[in-house]
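The values are calculated or read from the model by the stated rules, or taken from the named source; none is laboratory data. Small disclaimer: the values here were computed from a predicted structure and weren't measured. Glycine gets a Cβ as well: all are built from the backbone with ideal geometry, and neighbour counts include every protein chain shown.
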Amino acid sequence: MSTISPSIDSQILATQLSALEIAGNPPEDEDVLSAIERIPNELLCEIFTLTLPCTRHVVDQTLEQPPWWLGHICQRWRAAVLENPLFWSSITLYEPPARWMGQACPPLMIKTQLDRSGTAPLAVSFDARHDDIVGKSVDILIEQSFRWESLHLRASGTVVPRLCNRLQRVEGRVPMLRYLESIGFPEYLIQKSFSTVPSLRAVVLGDDDHYALSVSPSTHFPWSRITKFRGTYDRFQDCAAMFKAAPNLVECGITLRTAHSSDGPHVVLPHLLRLDAVGTVLNYLTAPLLEELWVSDTAPTALIDFVERSSCHLRKLVVYECSDPSALIPIFRAIPTLTTFFVAFGRTSGYMGEEFLFDALKINAGIESAEICPNLTHIAAGGRTGFAVDSFLDMVQTRRSVGQPMLSFVRVFYPDKRQMPAMIENVVRRIAEMKREGLDAALDIGLQMSQQNYLGMGRP
């Protein structure tokens, strides 16, 4: 005879029924977890690829780093990142920050990353602007120089010759190298290490201020295959010799440090699409296919003559250190194909000239004949504190309400992080209204001219 009361029997039965019901209907969290677990590793890697590279900030440097932290999330993610060599193929050696305890890039870490990168081509960076990087780590990477696809060198002072002494060992051992960026290295040191680079397609040379370094065609680069070049020259004759040796340039940044008359030799660059020109270099060039142009306060006549001589359909114009805004108006009239215009006003730029420029860019209903830049869709303005930002935003509003095509991208930017609160408050309010209307608009404080943001070459 059972000693369990009927009430306990009924409770046990109810519990068993509840357990069966739960087993047949798992909680939503388990459904979600199960769905995540069913994602193939290949798809996980694709998602990670779209969200990488990871960056970390070390003092004033922003550095790429491999996804070490992804391996600590869960076993699935660890397996996924370890199975993809491309996640580990970008390697940066940097100097230890001040008061850093220990080595910044220990050899064991570099060896681990190389092992995980398998046989993938490597993107290698050496950043030693103030102090030496770990020599043993450099040596480990040099042993893999046959895998280097891109190389970024940045150094200064006494670090340069010491690093170059090590890099001389890669001479003739970089068959895959396509991209070479050298900041702070003189030409003769480059020639010692990189005179035999058969696959090279891009060369970027300079110092921390600008592209203040050049190489002559006597450097044994495969010049006829180079499609991207940046450098600085004192004489246009030397610059012209480089252009003659590299006729297939698609992207070029050239600084001509000394002023010259326009009676020098003219050079035609038949394939050039993007040009960053500082100095009087436009006086000597013709680029019939040019689409994007960066200039530093170039004389309006020289720019108009260049555009008319080239007969190019310019789509993008970026003017930095602009000192005479009203002088841009005849330039705009000569470039009706322009869709993107970014301007950074210099310290000597006048408020009235800025207002005059933005008034000219306004679009008024029923006055089509006076319109300039009718196809403008992307615009940004900034630079000095106190530029005519209200006039700029007034102009933007007319192009939003009347213009066709309408503006789709608007930026106000200031290099200085310390701005007048009242002015910033008004700008923030007006930009917020534009964003509510669906416009991609923003205020960027502390924005410098850089290849890493929308002011840089090759950016949308």
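Screening Phe146 with (1) over 20 Å from Ala104 (Cα atoms); (2) buried (at least 18 other Cβ atoms within 10 Å of the Cβ) gives one miss only, at (2).
Considering each residue of the stretch 357-364 in turn, none proves to be part of a loop (DSSP other than H, G, I, E, B), acidic (Asp, Glu) and without any contact (Cβ under 8 Å) to a residue 60 or more places away in the chain. Among all residues of the stretch 324-332, there is none that is touching a residue at least 60 places away in the same chain (Cβ under 8 Å) and out of contact with any Pro (no Cβ under 9 Å at 6 or more places or on another chain).
If only residues of the stretch 227-239 that are out of contact with any Phe, Trp or Tyr (no Cβ under 6 Å at 6 or more places or on another chain) and surrounded by 22 or more Cβ atoms within 10 Å (Cβ to Cβ) are counted, the one that is modelled with the highest pLDDT is Phe229. Checked against (1) free of Cβ contacts under 8 Å to residues at least 60 places away in the same chain; (2) closer than 22 Å to Lys362 by Cα; (3) outside any loop (DSSP other than H, G, I, E, B), Ile335 passes all but a single condition, namely (3).
Summed over the stretch 251-266, residues that are at pLDDT 90 or above and either farther than 21 Å from Ile335 by Cα or crowded, with 21+ Cβ neighbours inside 10 Å (or both) total 3.
Report yes if some residue within the stretch 202-220 is touching a helix residue (DSSP H, G or I) at 6+ places or on another chain (Cβ under 6 Å) and modelled with pLDDT of 80 or more; otherwise report no.
As a first pass, look at the stretch 202-220 and keep what is touching a helix residue (DSSP H, G or I) at 6+ places or on another chain (Cβ under 6 Å): 215, 217, 219.
Then keep just the ones that are modelled with pLDDT of 80 or more; that gives none.
So far as the stretch 202-220 goes, no, none of its residues is touching a helix residue (DSSP H, G or I) at 6+ places or on another chain (Cβ under 6 Å) and modelled with pLDDT of 80 or more.
Looking across Leu282, Leu269, one residue alone is touching a residue at least 12 places away in the same chain (Cβ under 8 Å), closer than 23 Å to Gly346 by Cβ, crowded, with 21+ Cβ neighbours inside 10 Å and under 27 Å from the mean Cα position of the chain (by Cα). It is Leu282.
Of the residues making up the stretch 388-427, those that are modelled with pLDDT under 80, closer than 18 Å to Leu376 by Cβ and not in a helix (DSSP H, G or I) are Val402, Gly403, Gln404, Pro405.
Mind counting the residues in the stretch 165-202 that are assigned to a helix (DSSP H, G or I) and either outside the structural domain of Ser89 (by TED's automatic domain parsing) or aliphatic (A, V, I, L, M) (or both)? The total comes to 4.
I need the full set of residues from the stretch 285-309 which are of a type in the set (Ser, Thr, Tyr) and surrounded by fewer than 21 Cβ atoms within 10 Å (Cβ to Cβ), in order please.
Thr286, Ser296, Thr301, listed by residue number.
Counting only strands (runs of 3 or more DSSP E) that sit completely within the stretch 1-98, those holding 1 or more residues that are modelled with pLDDT under 75 correspond to 54-58, 61-65. If I ask for residues that are among the aromatic types (Phe, Trp, Tyr) and surrounded by 15 or more Cβ atoms within 10 Å (Cβ to Cβ), which ones from the stretch 171-209 would you list? Of everything in the stretch 171-209, those that are among the aromatic types (Phe, Trp, Tyr) and surrounded by 15 or more Cβ atoms within 10 Å (Cβ to Cβ) turn out to be Tyr179, Phe185, Phe194.
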